[in-house]
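Below is one structure; the comments refer to it alone.
The values are calculated or read from the model by the stated rules, or taken from the named source; none is laboratory data. None of these values were measured; they are calculated from a predicted model. Note that each Cβ is placed from the backbone with ideal geometry, even for glycine, and that neighbours are counted across all protein chains shown. With ligands, DNA and RNA removed, areas are computed over all heavy atoms of the protein, side chains included. Shrake-Rupley method; radii C 1.70, N 1.55, O 1.52, S 1.80 Å.
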Amino acid sequence: MRNSLLYKLMLVLFTFILSTSPYAAEISSASTSNQHIIRRVPVKKKIIALTFDDGPHPVYTRKIMKVLDKYQAKATFFVVGERAQYYPSVVQELKQKGHEIANHTFSHPRINRISSSKLLEEIQKTDDIIHSLTGEFPALFRSPGGMYNPMVLDAVKKKHLVPILWSAHQDSRDWANPGIHRIVRQVTENAKAGNIILMHDSGVNRTQTVRALDQILQILSREGYSFVTISELISQSDEDRG
């Protein structure tokens with residue numbers, strides 16, 4: 001069974017954050033049935049959550065892991081179930097290195113073109129694949145393209161997952177291959193404690209992402225930031241210190 005206690009504790013914490021935090025507008029961009037989309041977490045510590053979508057990839061995910069290792073950084077990887085089936089060893093390596101594995105659907109469908117039952121199937125299949133490879137069910141979900149609507153939020157709630165987006169101005173836009181400098185500038189010039197940063201480890205050639213990541217970690221490390229999983233970021237929220 002899913003770790004329902006962990007999910008309940010996380011959900012209670014998220015709800016408390018949303019009810020008390022001055023950052024509530026950033027944390028929740030939409031909600032229905034008490035499901036809130038997490039965009040940023042209020043923390044005093046200089047910690048940031050790096051996230052990578054659309055993998056795993058047998059080349060780029062491993063290159064990203066090497067860069068993360070270099071800076072003793074942890075990250076959250078929103079994996080596509082179909083790709084996790086193709087590259088199970090990469091998912092297992094991520095788990096072994098202490099990174100967080102999260103759900104990004106099975107086939108990365110266009111959300112506005114599928115039914116509720118199909119989305120539930122996509123989520124469940126990926127949950128089961130992640131569990132088979134890591135021994136744990138994921139706690140987090142990110143919708144393809146960051147698209148959320150009542151149907152998506154209802155499905156996520158039914159599957160006991162927490163919906164995640166990314167912080168304002170922290171879409172690195174690496175998916176467009178805009179150039180290493182632009183990716184680095186987008187992330188570093190907008191960095192704030194509690195940010196969730198969006199990057200990608202699969203899709204087209206991700207060489208720019210890998211090289212930009214090295215520079216981002218170098219710059220932000222010098223500024224005193226450290227890099228944690230989303231679940232760790234949430235656990236460090238100042239709103240639960242009361």
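Computed values, structure above
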| quantity | calculated |
| --- | --- |
| Residue in the stretch 208-221 that is under 24 Å from GLU82 (Cα atoms) and surrounded by 22 or more Cβ atoms within 10 Å (Cβ to Cβ) present | yes |
| Selected residue [open to solvent by 10 Å² or more (accessible area, probe 1.4 Å), over 15 Å from the mean Cα position of the chain (by Cα) and not β-branched (Val, Ile, Thr)] from GLU100, GLU136 | GLU136 |
| One residue from LYS66, LYS95, LYS44 being open to solvent by 50 Å² or more (accessible area, probe 1.4 Å), over 19 Å from VAL204 (Cα atoms) and touching a strand residue (DSSP E or B) at 6+ places or on another chain (Cβ under 8 Å) | LYS95 |
| Hey, PRO138 out of contact with any Pro (no Cβ under 9 Å at 6 or more places or on another chain) and under 14 Å from ASP53 (Cβ atoms) or not | yes |
| Hey, GLU122 of a type in the set (Asp, Glu) and open to solvent by 20 Å² or more (accessible area, probe 1.4 Å) or not | no |
| Among residues of the stretch 94-142, those that are farther than 21 Å from PRO58 by Cα and among the β-branched types (Val, Ile, Thr), counted | 3 |
| Any pair with Cβ under 6 angstrom, 6 or more apart, that starts in the stretch 85-98 at a residue that is in contact (Cβ under 8 Å) with a residue 24 or more places away in the chain and ends at one that is open to solvent by 70 Å² or more (accessible area, probe 1.4 Å) and of a type in the set (A, V, I, L, M) | none |
| Qualifying residue in the stretch 164-183 (condition: crowded, with 19+ Cβ neighbours inside 10 Å and farther than 24 Å from GLN208 by Cα) | yes |
| Matching residues, the stretch 169-191, being in contact (Cβ under 8 Å) with a residue 40 or more places away in the chain and under 23 Å from GLY55 (Cα atoms) | SER172 |
